[in-house]
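Here the structure comes first, spelled out in structure tokens, and everything after it is commentary.
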Amino acid sequence: MNKSYILYTLAFILLIAIFINDMPNVKTNFTKMQSDSMFLGDNVTLRSTKSDSFNNKSLKDKITIVFFGYTSCPDFCPDTLARANKIFKTLGNSDELQLLFISIDPKDELDTIKKYVEYFNKDFIGLSIKDNRIKELVKKTGVYAKKVSSTGTIDFYDHTGAIFLVNKDSKIMGLYTPPIKDNLIISDLKRMIN
């Protein structure tokens with residue numbers, strides 16, 4: 001009787017070990033990136049559309065979707081922010097999730113950025129590229145942004161359409177590249193915030 005008890009216990013432990021090791025890795029729909037540095041850099045504090053002291057602590061304990069664009073963009077930026085708003089609504093506007101819009105246009109004033117992002121969602125946060133530290137961030141993240149034309153006082157830019165993901169430790173964890181698929185982002189974010 002002792003031998004069968006020991007055999008059943010060993011078999012049970014072996015099955016648990018096999019199950020744990022054979023669990024499929026959770027597939028993500030974004031390109032994974034490893035970053036050892038904080039998203040905004042150490043000791044960087046900026047003015048945002050929500051706060052005079054936006055820094056890495058503002059990113060802590062939240063999954064942050066980061067999008068680089070500009071307020072006079074005629075197509076891609078408003079489409080991306082409208083879709084992000086739908087994603088946020090689908091996820092119930094979770095307190096664990098935030099969107100950070102960083103303008104690549106030096107003409108975009110913070111009050112203009114605030115009106116722009118809050119048109120899509122009152123909780124979206126904006127930053128201006130006027131600060132040299134944001135210019136460093138653009139370079140650090142590999143974001144492409146180039147002025148291609150002007151009409152009157154409006155400048156048009158060719159820019160990266162990727163959406164970056166910053167983890168709860170304020171580090172870049174990955175990015176989504178066009179074509180952006182809302183359902184895949186929703187699937188990933190549900191796993192991350194639950």
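The values are calculated or read from the model by the stated rules, or taken from the named source; none is laboratory data. Treat the numbers as computed from the prediction; the structure is a model and nothing was measured. So basically every Cβ, Gly included, is an ideal-geometry build from the backbone, and we count neighbours across all protein chains shown. Each accessible area value is taken on the protein alone, full model and side chains, heavy atoms only, with ligands, DNA and RNA left out. Shrake-Rupley method; radii C 1.70, N 1.55, O 1.52, S 1.80 Å.
What the table below lists for this structure:
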{"read-out": "Mean shadow area of region 103-147 over all directions, Cα convex hull, nm²", "value": "3.4"}
{"read-out": "Sum of side-chain charges, H159 neighbourhood, beta-carbon under 11 Å (Lys, Arg +1; Asp, Glu -1)", "value": "0"}
{"read-out": "√(5λ) per eigenvalue of the Cα gyration tensor, region 128-179, largest first, Å", "value": "25, 15, 8"}
{"read-out": "Crossing angle, helix 76-90 versus the chain [Cα axis fit, 0-90 degrees, rounded to tens]", "value": "40"}
{"read-out": "Principal axis dimensions, largest first and in whole angstrom, of the chain by Cα", "value": "90, 34, 28"}
{"read-out": "Angle in degrees between helix 132-141 and the longest Cα principal axis of the chain, rounded to the nearest 10", "value": "40"}
{"read-out": "Value of Rg/Rh across region 88-184 [Cα atoms, Kirkwood radius]", "value": "0.96"}
{"read-out": "Within straight-line cross-link reach of K89, lysines at Cα separation under 18 Å, skipping those fewer than 8 residues along the same chain", "value": "K62, K122, K181, K190"}
{"read-out": "More than 16 Å apart - percent of Cα-Cα pairs taken over region 17-131", "value": "65"}
{"read-out": "Rounded to the nearest 20 debye, dipole of the chain from Cβ charges on Lys, Arg, Asp, Glu", "value": "300"}
{"read-out": "Using a Förster distance of 22 Å, the FRET efficiency for K115-T153 (Cβ separation, nearest 0.05)", "value": "0.85"}
{"read-out": "Options N121, F68, L189, ranked by Cα towards positive dipole end of the chain, top entry (Cβ charges)", "value": "L189"}
{"read-out": "Rounded to 5, the percent of DSSP beta bridges in the chain classed as antiparallel", "value": "65"}
{"read-out": "Accessible area (Å², 1.4 Å probe, nearest 10) - D111", "value": "90"}
{"read-out": "Rh by Kirkwood over Cα pairs, then Stokes-Einstein D for region 43-88 at 1.567 mPa s and 4 °C, µm²/s", "value": "104"}
{"read-out": "By average C-beta atoms within 10 angstrom, highest first, the peptides 41-48, 93-100", "value": "93-100, 41-48"}
{"read-out": "The chain - accessible surface per residue (Å², probe 1.4 Å)", "value": "59"}
{"read-out": "P(r) of region 83-131 over all Cα-Cα pairs, binned every 5 Å from zero, in whole percent", "value": "5, 22, 30, 19, 14, 8, 3"}
{"read-out": "Considering only region 28-143, percent of DSSP beta bridges that pair antiparallel, nearest 5", "value": "10"}
{"read-out": "For the chain, with +1 on Lys and Arg beta carbons and -1 on Asp and Glu, the positive-most of I134, L165, T112 along the dipole", "value": "L165"}
